[in-house]
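Contents: one structure, followed by commentary.
Values quoted throughout were computed directly from the atomic coordinates according to the rules given, and no laboratory measurement underlies them. Computed from a predicted structure; not experimentally measured. Here the Cβ positions follow ideal geometry from the backbone for every residue, glycine too, while neighbour counts run over all protein chains shown.
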Amino acid sequence: MTNFLNRTVIAATLALTMIFTGCSPQDAADDKTPMAKPAQPYEAVAAQGTGFTVGTMMSANAVYVLFDPQCPHCGALWEASQPLQSKVKFVWMPVAFINAKSGPQGGALLSAANPAALMTEHEKSILAGSGGISAIAAVPMEINKAIKKNTQLFNSLGVESVPYIVSKNQRTGQVVTNTGAMSTAALAELLGVN
């Protein structure tokens with residue numbers, strides 16, 4: 001019985017660690033063109049990143065999320081963000097560094113007629129350990145360039161893992177950032193929408 005309890009405690013600890021951490025690059029992106037580290041991450045991501053928007057489209061401030069489609073922590077953040085979409089505009093920007101599926105799956109999400117529905121399907125599959133949606137066989141050149149540019153932007157920020165959030169707190173106006181997944185309550189506090 002004690003051995004079972006020990007294994008249960010260890011499994012629960014590992015699960016919590018997975019929820020509140022992020023995925024780090026295992027293999028560098030193919031295009032390692034350096035970009036200067038931006039002084040203002042919010043402005044840099046807003047001006048240079050490409051993604052799809054969900055949530056309150058008329059929100060004054062956007063919440064930018066750089067994510068790798070193969071990252072389960074990004075899937076956990078996607079789920080945690082769902083209850084806040086009535087208060088916040090999220091812009092999800094795919095990067096590609098975890099494995100060969102990352103770029104093509106990001107391409108499928110950016111090319112989708114309904115990226116939010118496809119992202120929900122994809123993240124459920126990732127969290128279930130099924131690998132996500134089918135990747136696009138041939139990512140259109142402009143989409144591929146956008147994902148590479150997002151990845152370069154991510155690297156230029158000096159960030160170590162995804163998901164990476166950059167936004168302005170709605171109460172204070174201060175730029176806030178976070179790496180890794182977080183609960184809905186913690187995300188609401190970070191964004192100043194609780």
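Between Ser111 and Ala138, the simple spin-label model (points 7 angstrom out along Cα→Cβ) gives 0.9 nm. Spin-label pair Gln48-Gln174: with each label point 7 Å from Cα along the Cα-Cβ axis, the two points sit 2.5 nm from one another.
Taking every alpha-carbon pair within region 44-112, the share separated by more than 14 Å comes to 58 percent. Checking the cross-link pairs Lys101/Lys145; Lys124/Lys145; Lys124/Lys148; Lys145/Lys168; Lys101/Lys124 against a 22 Å limit on the alpha carbon distance flags Lys124/Lys145; Lys124/Lys148; Lys145/Lys168 as lying beyond it.
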